[in-house]
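Here is the structure we will look at, set down as structure tokens.
The values are calculated or read from the model by the stated rules, or taken from the named source; none is laboratory data. Fair warning: this is a prediction, and the values are worked out from it, not measured in the lab. FYI the Cβ positions are ideal-geometry reconstructions off the backbone, even for glycines, and counts take in every protein chain you see. The accessibility values were calculated without ligands, DNA or RNA, using every heavy atom of the protein model including side chains. Shrake-Rupley method; radii C 1.70, N 1.55, O 1.52, S 1.80 Å.
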Amino acid sequence: MDLNQLKRRGHDEWHISPRGKMRVPGVIYATESLIRDMDEKVYEQVTNVATLPGIVRASYAMPDAHWGYGFPIGGVAAFDPDLGGVVSAGGVGFDISCGVRLLRTGLTVEDLQPVKELLAEALFHRIPAGVGSTGLVHLDKREMDAMLAGGAKWAVGKGYGLHEDLECIEERGCMAGAKPDCVSDFAKKRQQDEMGTLGSGNHYLEVQQVVKVFDAEVASVFRIREGDLVVSIHCGSRGLGHQIGTEFLKRMAVSAARYHIELPDRELASAPINSEVGQEYLGAMRAGINCALANRQIVTHLVREVFEEVLPQATLSLLYDVSHNTCKVEEHVIDGTATRLFVHRKGATRAFGPGHPDIPPSLREVGQPVLIGGTMGTASYVLVGTKESMTLAFGSACHGAGRSMSRHQALRQWHGREVVKDLAARGILIRSPSMRGVAEEAPGAYKDVSEVVDAADDANLARKVARLEPLVCVKG
Amino acid sequence: MEPQWEHFPHQSDIGVRGLGSSKEAAFEGAARAVTAVITDPDFVVPAQEVSMVCEAPDDELLLVDWLNALIYEMATRKMLFSRFTVRITGHALQATAWGEPIDVARHQPAVEVKGATYTELSVKRDEQGRWIAQCVVDV
């Protein structure tokens, strides 16, 4: 990205002054080197989002921002319904409520070593992953609607997991305001065999070790220590979310003119929050969030079953579950007044600061855990939300490394089997049904997650707590 | 000219492009390009037939609808497709796709396609009169 288009306002804060039809400025949080590497399309997409009706304060991009569709991936924008604000299906994307959850095991790396291969095989065989895979849970229409209304809470009620898991999931495991009736039969059919599946692409299940703790005080509240063995799950709302996104994107693109919404890019398909289409989308999208929460809950249950067999001394407890493709109603202070806003995070993690009432009581004093997924060859991070983040970007932070290379390029550069072999030599066991998929997800195809996380830390969006490195990775 | 296809780069996802002597051929090429995101289309045996219809207010939205109809059939039938015939009348499309159930060992499916997007979406003729139909798909 051309730095001459931006005004530097701090070490890691860059502004785009409003011009043309922009209603608010654009703000990008990143280091100079990350900005230089960002595609010019990020600039275009940040400025496009700034033209949407009812946008408040600024159109934001996180340090991992990259060229998305409509919004940049790593984009954050909030809309005020009383100012004609919109909800955007493009601003949430296809993988509604895709997210990461982290489980403590109560074990250390030493406990894993004797059974590492066995655990990798067992996880690979038990957790459905990859194109065409089907889950073990099949829902009829009634159960589908109950799942869409209840989320992880529904899953726990069905025996998938523990009641105490719910406390450590955003929305306490159940997104309010979900309307299963607003979800089409097509979307429900697409989901009927996909509950409890990982999916493919950048989704994964990893057994990781905590290799470094940066903030001992917060790590102690999160109950993690160096050497601990943890499990990370990254997946979303599967076919149901994809179909909701597809259908509402078209409805909103077609209806935008009727609502006098000028779309600089059709992918920004939006509707007024206070409109029939807007309300139906919110009902369906919230059902999609519940689907993702239920999905991660079922996968968690399967992981617990595998540990019970392979490492029965383990106790898997949920540290936290974050979603990074959502639109949520939140209260933020605008010009000194608490205002109800519809906050879109597309490839961005909620990162509420200490004391926020939406954080579980056991974690509230330090802030919300922010889980950043890396690649199968590098690292993931645990961060914590800051007080400053609430005013910097509506309590948001980055969500991952972000690709630096297209899938096509990656495929030309790496062979899946070699990637698996190289990582095995470094002690990382990869299990995947597709070697082509592994090549496309090669660690070298991603940006340096540490640089992204350092930038988020420097910008005060979230503070580093711990670094996790993979030992076993199941890829779709 | 037989329908042709190619991919074009997008940082996080992938662009699909069909090219042909008619709009229909370009749409058929774009569909084959979607399959190629997942696997080598030459490995997919066109054994079973599935019919699809869709309708949209303009050519571009029709392309997205067509690719999304195909993605839906792939997802719900757990199939991959390699041969396509498309007929377009006004803003309505009728299509038949031939393919087979996914065989993970043989197809090595790389990634699931979540949906066709409006990014880099275009249906047009180039200077040589060749039809081009393209968009980015989310994976």
Yes/no for A:ALA269 being over 30 Å from A:VAL156 (Cα atoms) and open to solvent by 10 Å² or more (accessible area, probe 1.4 Å):
no
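Within the range A:272-284, does at least one residue satisfy the condition of being under 25 Å from A:GLY476 (Cβ atoms), within 12 Å of another protein chain (Cβ to nearest Cβ) and open to solvent by less than 30 Å² (accessible area, probe 1.4 Å)? Talk me through it step by step, then tell me what you get.
In the first step, residues of the range A:272-284 are kept if they are under 25 Å from A:GLY476 (Cβ atoms); the result is A:284.
Checking which are within 12 Å of another protein chain (Cβ to nearest Cβ) leaves us with none.
Checked against the condition, which is being under 25 Å from A:GLY476 (Cβ atoms), within 12 Å of another protein chain (Cβ to nearest Cβ) and open to solvent by less than 30 Å² (accessible area, probe 1.4 Å), the range A:272-284 yields no hits at all.
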For residues that are more than 14 Å from chain A (Cβ to nearest Cβ) and either outside any loop (DSSP other than H, G, I, E, B) or open to solvent by 50 Å² or more (accessible area, probe 1.4 Å) (or both), tally how many sit in the range B:4-31.
14
With the requirement that a residue be within 14 Å of another protein chain (Cβ to nearest Cβ) and either under 17 Å from A:THR326 (Cα atoms) or touching a strand residue (DSSP E or B) at 6+ places or on another chain (Cβ under 7 Å) (or both), what does the range A:166-189 give you?
none
Got a sec? Which of A:SER33, A:SER97 is farther than 20 Å from B:THR119 by Cβ and within 14 Å of another protein chain (Cβ to nearest Cβ)?
A:SER97
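Restricting attention to the range A:260-291, which residues are of a type outside the set (A, V, I, L, M, F, W, C), assigned to a helix (DSSP H, G or I), touching a strand residue (DSSP E or B) at 6+ places or on another chain (Cβ under 7 Å) and farther than 21 Å from B:THR119 by Cα? I'd like the intermediate steps shown before the answer.
Residues of the range A:260-291 of a type outside the set (A, V, I, L, M, F, W, C): A:260, A:262, A:264-267, A:270, A:272, A:274-276, A:278-281, A:283, A:286, A:288, A:290.
Filter once more, keeping what is assigned to a helix (DSSP H, G or I): A:266-267, A:276, A:278-281, A:283, A:286, A:288, A:290.
Next, from what is left, pick out any that are touching a strand residue (DSSP E or B) at 6+ places or on another chain (Cβ under 7 Å): A:267, A:278, A:281.
Listed by number, the list holds a single entry, A:GLY278.
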By residue number, the members of the range A:378-391 that are over 23 Å from A:HIS234 (Cα atoms) and crowded, with 24+ Cβ neighbours inside 10 Å are A:THR386, A:SER389
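Filter the range A:387-443 for residues that are among the basic types (Lys, Arg), more than 20 Å from A:ALA61 (Cβ to Cβ) and either within 13 Å of another protein chain (Cβ to nearest Cβ) or not in a helix (DSSP H, G or I) (or both) and give the result. Before the answer, list the steps.
So in the range A:387-443, the residues among the basic types (Lys, Arg) come out as A:387, A:403, A:407, A:412, A:417, A:421, A:426, A:431, A:436.
With more than 20 Å from A:ALA61 (Cβ to Cβ) added as a condition, the list becomes A:387, A:407, A:412, A:417, A:421, A:426, A:431, A:436.
Answer for the range A:387-443, where residues must be among the basic types (Lys, Arg), more than 20 Å from A:ALA61 (Cβ to Cβ) and either within 13 Å of another protein chain (Cβ to nearest Cβ) or not in a helix (DSSP H, G or I) (or both): A:LYS387, A:ARG407, A:ARG412, A:ARG417, A:ARG426, A:ARG431, A:ARG436.
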Could you run through the range A:352-388 and say how many residues are β-branched (Val, Ile, Thr) and more than 16 Å from the chain's Cα centre (by Cα)?
4
Considering only helices (runs of 4 or more DSSP H) fully contained in the range A:90-203, which possess at least 3 residues that are aliphatic (A, V, I, L, M) and more than 23 Å from the chain's Cα centre (by Cα)?
A:116-126
With respect to B:ALA56, is the statement that it is in contact with a Gly (Cβ under 7 Å, 6 or more places away or on another chain), closer than 20 Å to A:PHE186 by Cβ and among the aliphatic types (A, V, I, L, M) true?
no
Which members of the range A:205-242 meet the condition of being hydrophobic (A, V, I, L, M, F, W, C) and either part of a helix (DSSP H, G or I) or open to solvent by 10 Å² or more (accessible area, probe 1.4 Å) (or both)?
A:VAL211, A:VAL213, A:PHE214, A:ALA216, A:VAL218, A:ALA219, A:VAL221, A:PHE222, A:LEU240
Taking the range B:100-110 as the search range and keeping residues that are hydrophobic (A, V, I, L, M, F, W, C) and at pLDDT below 95, which one is surrounded by the most Cβ atoms within 10 Å (Cβ to Cβ)?
B:ALA110
Considering only residues that are closer than 27 Å to A:GLY106 by Cβ, open to solvent by 20 Å² or more (accessible area, probe 1.4 Å) and in a loop (DSSP other than H, G, I, E, B), which ones fall in the range A:315-337?
A:THR315
So, A:ARG340, is that one crowded, with 20+ Cβ neighbours inside 10 Å, among the charged types (D, E, K, R), assigned to a strand (DSSP E or B) and at pLDDT 95 or above or not?
no
Which one of these does A:GLY10 not meet: (1) more than 14 Å from chain B (Cβ to nearest Cβ); (2) free of Cβ contacts under 8 Å to residues at least 60 places away in the same chain?
(2)
Do we find that B:THR85 is touching a helix residue (DSSP H, G or I) at 6+ places or on another chain (Cβ under 8 Å), of a type in the set (Ser, Thr, Tyr) and crowded, with 21+ Cβ neighbours inside 10 Å in this structure?
no
Test of understanding: among B:VAL34, B:VAL64, B:VAL53, B:VAL16, which residue is farther than 30 Å from A:ASP39 by Cβ and not small (Gly, Ala, Ser)?
B:VAL53
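Listed residues B:VAL53, B:VAL34; which is out of contact with any Phe, Trp or Tyr (no Cβ under 9 Å at 6 or more places or on another chain), at pLDDT 95 or above, over 11 Å from B:TRP98 (Cα atoms) and away from chain A (no Cβ under 12 Å)?
On the way: B:VAL34 fails: out of contact with any Phe, Trp or Tyr (no Cβ under 9 Å at 6 or more places or on another chain).
Result: B:VAL53 is the single residue among B:VAL53, B:VAL34 that is out of contact with any Phe, Trp or Tyr (no Cβ under 9 Å at 6 or more places or on another chain), at pLDDT 95 or above, over 11 Å from B:TRP98 (Cα atoms) and away from chain A (no Cβ under 12 Å).
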As an exercise: evaluate B:ASP58 against (1) under 29 Å from A:MET435 (Cα atoms); (2) over 11 Å from the mean Cα position of the chain (by Cα) and give the number of the one condition it does not meet.
(1)
Residue in the range A:183-193 that is touching a Pro at 6+ places or on another chain (Cβ under 8 Å) and open to solvent by 30 Å² or more (accessible area, probe 1.4 Å) present:
no
I'd like to verify a number: residues in the range B:59-72 that are at the interface with chain A (Cβ under 10 Å from one of its Cβ atoms) and among the charged types (D, E, K, R), how many?
2
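Yes/no matrix, rows are residues, columns are (1) part of a strand (DSSP E or B); (2) at pLDDT below 95; (3) surrounded by fewer than 21 Cβ atoms within 10 Å (Cβ to Cβ); (4) away from chain A (no Cβ under 14 Å):
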| residue | (1), (2), (3), (4) |
| --- | --- |
| B:LEU80 | yes, no, no, no |
| B:TRP98 | yes, no, yes, yes |
| B:GLU112 | no, yes, no, no |
| B:GLU120 | no, yes, yes, no |
| B:LYS124 | yes, no, yes, yes |
| B:ILE132 | yes, no, yes, yes |
| B:VAL137 | yes, no, no, no |
Residues in the range A:400-410: is at least one open to solvent by 20 Å² or more (accessible area, probe 1.4 Å) and modelled with pLDDT of 95 or more?
no
Got at least one residue in the range B:36-51 being open to solvent by less than 40 Å² (accessible area, probe 1.4 Å) and either in a loop (DSSP other than H, G, I, E, B) or basic (Lys, Arg) (or both)?
yes
Residue check, A:MET38 against (1) away from chain B (no Cβ under 14 Å); (2) surrounded by 22 or more Cβ atoms within 10 Å (Cβ to Cβ), all met but one. Which one?
(1)
May I ask you to verify whether B:ASP42 is in contact (Cβ under 8 Å) with a residue 24 or more places away in the chain, farther than 28 Å from A:VAL92 by Cβ and among the acidic types (Asp, Glu)?
yes
